[in-house]
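Scroll down for the structure; my scribbles are underneath it.
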4 protein chains.
Amino acid sequence: MIFEADTSTGKTFDVLLVAVILLSIVVVLLDSVPSMVGRFGRPLNVMEWTFTLLFTVEYVARLCCVRHPWRYATSFFGVIDLISVLPTYFALLVPEVSAFLDIRILRLLRIFRIFKLTLYITEYIRLGRALRASGRKILIFLSVVMMAVLILGTVMYVVEGPENGFTSIPMAMYWATVTMTTVGYGDLTPQTTLGRFIASFMMLLGWGVLAVPTGIVTAEMTSQRMNWKPTTRTCPSCLSEGHEPEAKFCKDCGEPLPAYEYDTS
Amino acid sequence: MIFEADTSTGKTFDVLLVAVILLSIVVVLLDSVPSMVGRFGRPLNVMEWTFTLLFTVEYVARLCCVRHPWRYATSFFGVIDLISVLPTYFALLVPEVSAFLDIRILRLLRIFRIFKLTLYITEYIRLGRALRASGRKILIFLSVVMMAVLILGTVMYVVEGPENGFTSIPMAMYWATVTMTTVGYGDLTPQTTLGRFIASFMMLLGWGVLAVPTGIVTAEMTSQRMNWKPTTRTCPSCLSEGHEPEAKFCKDCGEPLPAYEYDTS
Amino acid sequence: MIFEADTSTGKTFDVLLVAVILLSIVVVLLDSVPSMVGRFGRPLNVMEWTFTLLFTVEYVARLCCVRHPWRYATSFFGVIDLISVLPTYFALLVPEVSAFLDIRILRLLRIFRIFKLTLYITEYIRLGRALRASGRKILIFLSVVMMAVLILGTVMYVVEGPENGFTSIPMAMYWATVTMTTVGYGDLTPQTTLGRFIASFMMLLGWGVLAVPTGIVTAEMTSQRMNWKPTTRTCPSCLSEGHEPEAKFCKDCGEPLPAYEYDTS
Amino acid sequence: MIFEADTSTGKTFDVLLVAVILLSIVVVLLDSVPSMVGRFGRPLNVMEWTFTLLFTVEYVARLCCVRHPWRYATSFFGVIDLISVLPTYFALLVPEVSAFLDIRILRLLRIFRIFKLTLYITEYIRLGRALRASGRKILIFLSVVMMAVLILGTVMYVVEGPENGFTSIPMAMYWATVTMTTVGYGDLTPQTTLGRFIASFMMLLGWGVLAVPTGIVTAEMTSQRMNWKPTTRTCPSCLSEGHEPEAKFCKDCGEPLPAYEYDTS
């Protein structure tokens, strides 16, 4: 039953599982708020143990049901399932490492197992493929940002100096990232006139540079939206690619092209 | 008269109504500024009561004129009309709940009744339909943002800890949202080196992730601007493709096209 | 000579004029920096008077040369020219109103007179026409932003209250604008848990809403870049618009269309 | 060996060189962190000297190997190579100018020499050419931003005045840049009601104006992604239009096309 999601029982089970996972996440969240622990410490603890036992039972059940228990245990979801339950037991043994408990938040990833079978994954794959297609552009974008952050951060470190909060180059690089992404916390701001001038320049530069990821994503989405597929048609004579769907002759060698079959997917 | 907007009297009435609504909004705004209340408390009070009485008369008039008073009273605009006048009377009876008075701001929504009949609504519907078409993409986008906020917020809570202001996971998630949307208030900033490194990573990630809604909206608008329609419609006479959904005749051979069936999925 | 920009003397005069204008702007800027006035007060004063006299001479010369002096004096550039010189004289008579002096910054606009004759103006007009074409979309966008700012600002005023800095609804609306545009000064931040939750929601909403102007501008630019001109072709039989350049028959009435003449500009 | 990157030895050398450069950058970064210098001052110093000697040997080797030593020494990479080693020697002679040492960060640019020969440079050139094509648009964008910053900065200086932190027009211009780019540090915020109103207006304006670079980059990328080329090329045989610049034969009739002359303007 835990594996078949196509039956109606399986679907009800899935919806229930999602609810339980989300509820267990809420418990982890509330567990971190001191005032909540002070007031509802007891029921939170009870719920946490209920979920842990539930997940443990599910984990053991899965481990017994699957053909290759070891393969499951070392798979992505097997590890996530283990991580979901282990911290609570661990905290019982070694109560002082409470921070370690927060790893339970990864329970959230269990939701993916359920969504794995839905339509949503198609969109994910589509977006992922689009981004992989623009992989080189993104790499260049990141390298340019890194260089700008490194060089302009160093310049600001020299210009402003430790007396204005730019205590080291890594600190100045953090500031440069905050500025160029237009986040602008304001915990570190230029104090000298020259520093302010450079910062103004960086903000404008930042907008220009950061227009690039928007451009990459938008270009990809626009061409997907318009069903544009330029690279799939190949000339049988010279093997050149990128012919338009309407073209009747190869634009490179002049030979007639076979009729274009539109992708129906 | 209050229902017919097509006559010139109705149009003058509409313009007047918009002016009265906007003025009543201004009175609500000024009513919340202590220095204004101190200086112009009296005239503001008089104006507020004038508007309330005016809206009350209008409400009662509508209630009398319509065929199904109850259907009107429970409709969206009926509730808005009631909400526009009730708080002022209520404040007279129970003066201590002044905060409740601010619900009068919803008077603003009455403007929609008037604009309902104009050209602008077409654009709204068009944009709305476009966004509904991208509904699944937006859902995925939101779920990815939520996950990133939850997981990275928890990581920052563990890394920075309550001593640096990250008092709980929900607090850290608030910070993560502020950072990833590039708002960057600066009321909560990473203080440790590792925290700063993770924050820098989140900013860049945030730009990447948030390029997605821009991409969705832009792709939709670009294809609308270019009158681009999916190329699935074929002329039964010459088999040419790419006809617009609104087209009635084939643009290549001039033969009539069968009626287009809009995709309802 | 001051009117003819096509001769080489006129061009040299133009370049010189731009330099003088920019220099006079720099003087106005430095004039506002206390430390600069303390150190270079004398030479700045001398330069300011030199520029003022120069501009006065130019203004009088233009006034004498043109055929209709009154029409020039009341034109946009005539007013700018007067504003460029008047404050300095005025400050001599009434020295206490020094703030009034800063109106001299409008000297900058004189640059437009020179650029009026260059290629750049074409781009300005093109962008302006594009934006006017999207005028209704922009109006709707602004009205949606205004409504969101008004309603969400009021909500935050009620939720946070004056004790957390949200002293009035206009103040809360200022905060809402700062948040939704992702500026995020941090001079006013939500302090309650509910306030933080609403603020997080507003940030995401803000990104969505503000993706719209980016979408409008980008869609316009993309279609300009691709030389897409859908609305210029009209059917002579049924007067319907928006036919594609390749179409041979009207898609609405089936009548043949006259051959399309591509815009060569 | 240092010049030929096509052999496998050359490639190994390249990878090693990149690693050495990046490591030397890390040393420069750590050298600026006081706590790191206190703890690992000795090994950092040793590594710095190792890298300096290594780079010196490489520099001298290059100087000896090349045919025109002087041309290399005055070339971009020659200067970068010199800058990479000189500061360390210089700091030995004049220890008090330690800030000068940070110029070593330009070692990073040496990486470009290696990447010069890779595929990545193609993307850089492509993006660069795209941006040069939009050069005039970008110039106009920058001039509009400058004007808005200058004029609105002056307005805010007059409205807010030095008592609210707007001590001079350049300071107010810095604030205007911070606001219009949506960075929003919060080190300088409007304090008066009028100032806040103008600031709100500027934020919305800023979004509108700054949508332009995103639009430019996206339009360029979308048209690149779709392989869209201006429709000015016509087949001399069948007079069909819209041929790509790279096409050698007409895609409609298969006849050869005359060579395409790229627009050089």
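The values are calculated or read from the model by the stated rules, or taken from the named source; none is laboratory data. Predicted, not measured: the structure shown is a model, and the values here were computed from it. Because the Cβ atoms are built from the backbone with ideal geometry, glycine has one as well, and the counts that use them run over all protein chains shown. Each accessible area value is taken on the protein alone, full model and side chains, heavy atoms only, with ligands, DNA and RNA left out. Shrake-Rupley method; radii C 1.70, N 1.55, O 1.52, S 1.80 Å.
Which residue, of A:T177, A:T218, is of a type outside the set (D, E, K, R) and modelled with pLDDT of 90 or more?
Values: A:T218 fails: modelled with pLDDT of 90 or more.
Unique residue meeting the criteria: A:T177.
Condition test on D:M171, is it farther than 19 Å from C:L106 by Cβ, assigned to a helix (DSSP H, G or I) and more than 7 Å from every other protein chain (Cβ to nearest Cβ)?
On the way: farther than 19 Å from C:L106 by Cβ: yes; assigned to a helix (DSSP H, G or I): yes; more than 7 Å from every other protein chain (Cβ to nearest Cβ): yes.
Against the criterion (farther than 19 Å from C:L106 by Cβ, assigned to a helix (DSSP H, G or I) and more than 7 Å from every other protein chain (Cβ to nearest Cβ)), D:M171 qualifies.
Conditions: (1) more than 7 Å from chain C (Cβ to nearest Cβ); (2) in a helix (DSSP H, G or I); (3) open to solvent by less than 10 Å² (accessible area, probe 1.4 Å); (4) not hydroxyl-bearing (S, T, Y). D:A219 meets all but one. Number of the miss?
Here D:A219 clears every test but (1).
Answer yes or no as to whether D:V209 is open to solvent by 30 Å² or more (accessible area, probe 1.4 Å) and more than 8 Å from every other protein chain (Cβ to nearest Cβ). Even if it seems obvious, please write down each step before you answer.
On the way: open to solvent by 30 Å² or more (accessible area, probe 1.4 Å): no; more than 8 Å from every other protein chain (Cβ to nearest Cβ): yes.
No, not satisfied.
Kindly indicate whether any position in segment B:173-184 is open to solvent by 20 Å² or more (accessible area, probe 1.4 Å) and of a type outside the set (K, R).
Yes, segment B:173-184 has at least one match.
For segment A:66-88, how many residues meet the condition of being open to solvent by 70 Å² or more (accessible area, probe 1.4 Å) and within 30 Å of the chain's Cα centre (by Cα)? Break it down into steps so the answer makes sense when it comes.
Of all residues in segment A:66-88, those open to solvent by 70 Å² or more (accessible area, probe 1.4 Å) come to A:67-68, A:70-71, A:74, A:76, A:86.
Still in the running and within 30 Å of the chain's Cα centre (by Cα): A:68, A:70-71, A:74, A:76, A:86.
Of the residues in segment A:66-88, 6 are open to solvent by 70 Å² or more (accessible area, probe 1.4 Å) and within 30 Å of the chain's Cα centre (by Cα).
Would you confirm, using the coordinates I've provided, whether D:R132 is modelled with pLDDT under 85 and within 29 Å of D:L29 (Cβ to Cβ)?
Values: modelled with pLDDT under 85: yes; within 29 Å of D:L29 (Cβ to Cβ): no.
Criteria not met by D:R132.
Taking helices (runs of 4 or more DSSP H) that fall entirely within segment A:36-115, which contain at least 1 residues that are closer than 30 Å to C:T193 by Cα and in contact with a helix residue (DSSP H, G or I) (Cβ under 8 Å, 6 or more places away or on another chain)?
A:76-93, A:110-115
Note down all Cβ pairs under 7 Å where the first residue falls in segment D:181-197 and is more than 7 Å from every other protein chain (Cβ to nearest Cβ) and assigned to a loop (DSSP other than H, G, I, E, B), the second is among the charged types (D, E, K, R) and crowded, with 16+ Cβ neighbours inside 10 Å, and they're at least six residues apart or on different chains.
Between residues of segment D:181-197 that are more than 7 Å from every other protein chain (Cβ to nearest Cβ) and assigned to a loop (DSSP other than H, G, I, E, B) and residues that are among the charged types (D, E, K, R) and crowded, with 16+ Cβ neighbours inside 10 Å, the close pairs are D:P190/D:E160; D:P190/D:R196; D:Q191/D:E160; D:T192/D:E160.
Table: residues versus (1) in contact (Cβ under 8 Å) with a residue 24 or more places away in the chain; (2) in contact with a Phe, Trp or Tyr (Cβ under 6 Å, 6 or more places away or on another chain); (3) not charged (D, E, K, R).
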| position | (1), (2), (3) |
| --- | --- |
| C:L23 | yes, no, yes |
| C:V33 | no, no, yes |
| C:F55 | yes, no, yes |
| C:V66 | no, yes, yes |
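Only residues in segment C:89-104 that are of a type outside the set (F, W, Y) and surrounded by 11 or more Cβ atoms within 10 Å (Cβ to Cβ) count as the first member; pair them with residues that are assigned to a helix (DSSP H, G or I) and modelled with pLDDT under 70, Cβ under 9 angstrom, at least 6 apart or cross-chain, and list the lot.
C:A91/C:S98; C:A91/C:F100
Which pairs do you get when a residue that is over 12 Å from A:T192 (Cβ atoms) and assigned to a loop (DSSP other than H, G, I, E, B), found in segment A:151-163, comes within reach of a residue that is modelled with pLDDT under 90 and not hydroxyl-bearing (S, T, Y), reach meaning Cβ atoms under 7 angstrom, with the pair 6+ apart or on two chains?
From segment A:151-163, no pairs qualify.
Scan segment B:31-65 for residues that are open to solvent by 30 Å² or more (accessible area, probe 1.4 Å), hydrophobic (A, V, I, L, M, F, W, C) and closer than 26 Å to B:F13 by Cβ and report the count.
Final tally of qualifying residues: 11.
Kindly establish whether B:F55 is closer than 25 Å to C:T167 by Cβ and among the aromatic types (F, W, Y).
On the way: closer than 25 Å to C:T167 by Cβ: no; among the aromatic types (F, W, Y): yes.
Answer is no for this residue.
Could you count how many residues in segment A:134-160 are more than 18 Å from D:I111 (Cα to Cα), more than 8 Å from chain D (Cβ to nearest Cβ) and either surrounded by fewer than 18 Cβ atoms within 10 Å (Cβ to Cβ) or not acidic (D, E) (or both)?
7
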